[in-house]
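Here, each number is a calculation from the coordinates, and none is a lab measurement. For clarity, every value in this text was computed on a predicted model and none was experimentally measured. All Cβ positions, even for glycine, are placed from backbone atoms using ideal geometry, and neighbour counts span all protein chains on display.
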């Protein structure tokens, strides 16, 4: 059993997992994700399509085996860090212990005074002691904190994966769209969004620079005492309220749909492009496809409204309604028209409490890499010989020959 | 503004000529075995880098934004990054042979840039972010560093096959040192790639509401990160140093190039502009 635990926390297992992850990620990027059997059969062959669906290759990054590999990687990182913690504490404590100096990568003999070399290499104050033969020994250890680099990096990756996984499991995600003046419920929560304004900023050449929605989020949990928070959401600058983040996601055409029957107003509502609006007292629904405009004309001055009519779920017909005209397909009793064209705003609303954990993981990973790569442990020690000269030795597990060169250069220029 | 873009255009072609001249002088250095030629090559490359920097600044001011938002701009910046990192390594390790192998890669990259559209387009709202500079500039340094590790890997593999041992012993560090320099460039690249991924995630969270979407560019950045993570682990676990590490460094850069060019060509996603 001990062997199994040791293997699960081993570097060998980590390498296997990393290679499998590389293959899985590459596969997931080459195979189109989320397609149906028919689409895969058309792209490849029926046999390959069956294989893709059977192995979960149509949704690689959420497949059970991909999650299992990730879980194993987390286990590996955790075990590795647990196993290495006491070793690192010991190594950190024993860094300047004469019995644990390790194999030197450089050795210089006949040095009259080691101090200038230590100073030139910016070594911290040396510990003065004696070696096993009782000779004076000076030991200096640089970047002791660098020992913790890989450990911190592993911890960071672990936090990152945990933050991501917990976020995926617990996050709430909603989409709300509408035109200024509308109040929309956020999913089935007690929260509502009141859209005050939607603005599209354009450059002089007409290119869109920014989309901005001004809104109020209302918490209606207590109907007698609703609370509200004003927010502004624009691209790259999400708004926030009640723990939700509100992202300016998209926009599209919208128009007011008015239905009159025998001259009497039957219904009046906003229709956003792509939405089907059921016509009261009929089996029909009307879908605004787009608002037609000529480029030179102002936004609120459309040349027509493209629409589709459905009977139940079945497509019935499509047509274009000109300004001031009525949609004829519903019969002479009905007067149906689109008007007041404008843009609707689409907001993505999210609540993910674990995003900060994932970002903290990313930063710890970065810190770990910085420690591991740029604060490498270096040891320099000098032992005094019987003739009064000193022998200097140095070691740097990751610097090796390059550190040896630096020590030699320091000695030559001292 | 148009004037500045015209200046950038002129500078761009001068830079290509300078990088080409530097490459020729580096080749002459190897052929003639004269140190003075290597110095001249490095000076030409450094002048090329300065003018390249000026070209990027002109484009930045002319376009009114950071010049890092389309294929042309990223390719020319990538060449700039590789040129910068290779010059740093040449100076730091007194190793001009790097230039002879880096110069053709720089020329290929800037040649690729020359084939792209240079049109200055206005930025879509999601690209109008202060994270753009951090995210792309760190990617340029990361890719440049991996480019240097690729060059060092090739030098390592060629070193043993070279007939004139005297020249190679004098101008190319010993195997162990060469391996360590390559390791250093991978470390620099991995550190900057991590910054690229982290800053990209923070930016994606603000722009798209999701810090990780398994978009092909994101996925392949992760694949590149994992490949170099395997490299680092193999160095420790199996003592994969020397030749094996050199082959790995070359293979790793193939992965970098796929992330940069291959993904845009074969796997379109939300990073289609990059």
Which value, in Å to one decimal place, does the Kirkwood hydrodynamic radius take for the protein assembly as shown when every pair of different Cα atoms is included?
29.8 Å
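For an R0 of 22 angstrom, estimate the FRET efficiency from the Cβ-Cβ distance between residue A:389 and residue A:120 and round to the nearest 0.05. Don't skip to the answer; put the middle values down first.
Details: r = 18 Å, r/R0 = 0.82.
Efficiency, from the Cβ-Cβ distance: 0.75.
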Based on the Cα coordinates of segment A:68-214, what is the per residue volume of their convex hull in Å³?
297 Å³
Bins of 5 Å, beginning at zero and ending with the bin holding the largest distance: percent of Cα pairs per bin for segment B:1-117, please.
2, 13, 23, 23, 16, 11, 7, 3, 1, 0
Net lengthening on full extension, residue A:319/residue A:201 (0.36 nm per residue, minus Cα-Cα)
39.3 nm
Points 7 angstrom from Cα along the Cβ direction at residue A:333 and residue A:109: gap in nanometres?
11.4 nm
At 7 Å along the Cα-to-beta-carbon direction for both residue B:3 and residue B:130, put a label point, then send me their distance in nm to one decimal.
3.1 nm
If we restrict to alpha carbons, what Rg and Dmax does segment A:2-88 come to, in Å?
17.1, 57
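Fewest Cβ neighbours within 10 Å first, please rank A:209, B:122 accordingly.
Lowest count first: A:209, B:122.
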Return the distance in nm (one decimal) between the two label points of a simple spin-label model at residue A:208 and residue A:340, each offset 7 Å from Cα along Cα→Cβ.
2.3 nm
Relative contact order for chain B using alpha-carbon pairs under 8 Å, separation at least 6, rounded to a whole percent?
18 percent
In whole angstrom, largest first, the equivalent ellipsoid semi-axes that the Cα gyration tensor gives for segment A:192-295 are 30, 24, 11
Which angle from 0 to 90°, rounded to the nearest 10, does the C-alpha axis of helix A:64-93 make with the longest principal axis of chain A?
30 degrees
Under the 0.36 nm per residue contour assumption, what length would be gained going from the current alpha-carbon distance of residue A:280 and residue A:131 to full extension?
44.0 nm
Quarter of Cα convex hull surface for segment A:293-414, i.e. mean projection, nm²
20.4 nm²
Based only on Cα atoms, what Rg/Rh ratio does segment A:333-382 have, Rh being taken as Kirkwood's radius?
1.64
By how many degrees, between 0 and 90 and to the nearest 10, does the Cα long axis of helix B:216-237 differ from the longest principal axis of chain B?
30 degrees
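Could you list A:374, A:334 so that the one with the fewest beta carbons within 10 Å of its beta carbon is first and the one with the most is last?
Details: A:374 14, A:334 20.
Ranking A:374, A:334 by Cβ neighbours within 10 Å, fewest first, gives A:374, A:334.
Can you give the FRET efficiency for residue A:408 and residue A:93, using 1/(1 + (r/R0)^6), R0 = 30 Å, r = Cβ-Cβ distance, to the nearest 0.05?
According to the calculation, E is roughly 0.50.
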Computed [θ] at 222 nm, deg cm²/dmol, the protein assembly as shown (DSSP H ≥ 4; -39,500 (n - 2.57); rounded to nearest 500):
-17000 deg cm²/dmol
Inverse mean reciprocal Cα-Cα distance (Kirkwood Rh) of chain B, Å:
19.3 Å
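I want to verify the translational diffusion coefficient of segment A:155-201 in µm²/s; compute it with Stokes-Einstein, Rh as the Kirkwood radius over Cα pairs, at 4 °C and 1.567 mPa s. Please list the in-between numbers first.
Values: Rh = 13.5 Å.
D = 96 µm²/s.
Work out the FRET efficiency for residue A:8 and residue B:213 from their Cβ-Cβ distance, taking R0 = 22 Å, and round it to the nearest 0.05. All intermediate terms of the calculation are to be shown ahead of the outcome.
Values: r = 30 Å, r/R0 = 1.39.
In this case the efficiency is close to 0.10.
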Normalised by the residues of segment A:1-105, what does the relative contact order come to in percent, with Cα pairs under 8 Å and at least six apart?
34 percent
Mind checking the angle between helix A:355-374 and chain A's longest principal axis? C-alpha axes, 0 to 90 degrees, to the nearest 10.
30 degrees
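Which values, in whole Å and largest first, are the semi-axes of the equivalent ellipsoid of segment B:127-274 obtained as the square root of 5 times each eigenvalue of the Cα gyration tensor? Before the final figure, lay out the partial values.
Working: eigenvalues 224, 39, 36 Å².
Those come to 33, 14, 13 Å.
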Using a Debye calculation, one point per C-alpha and no hydration shell, please list log10 I(q)/I(0) for segment A:173-351 at q = 0.13, 0.15, 0.17 Å⁻¹ in order.
-0.75, -0.93, -1.08
Starting with the fewest neighbours, write out A:227, B:115, A:1, B:23 ranked by other beta-carbon atoms found within 10 Å of each beta-carbon.
A:1, B:115, A:227, B:23
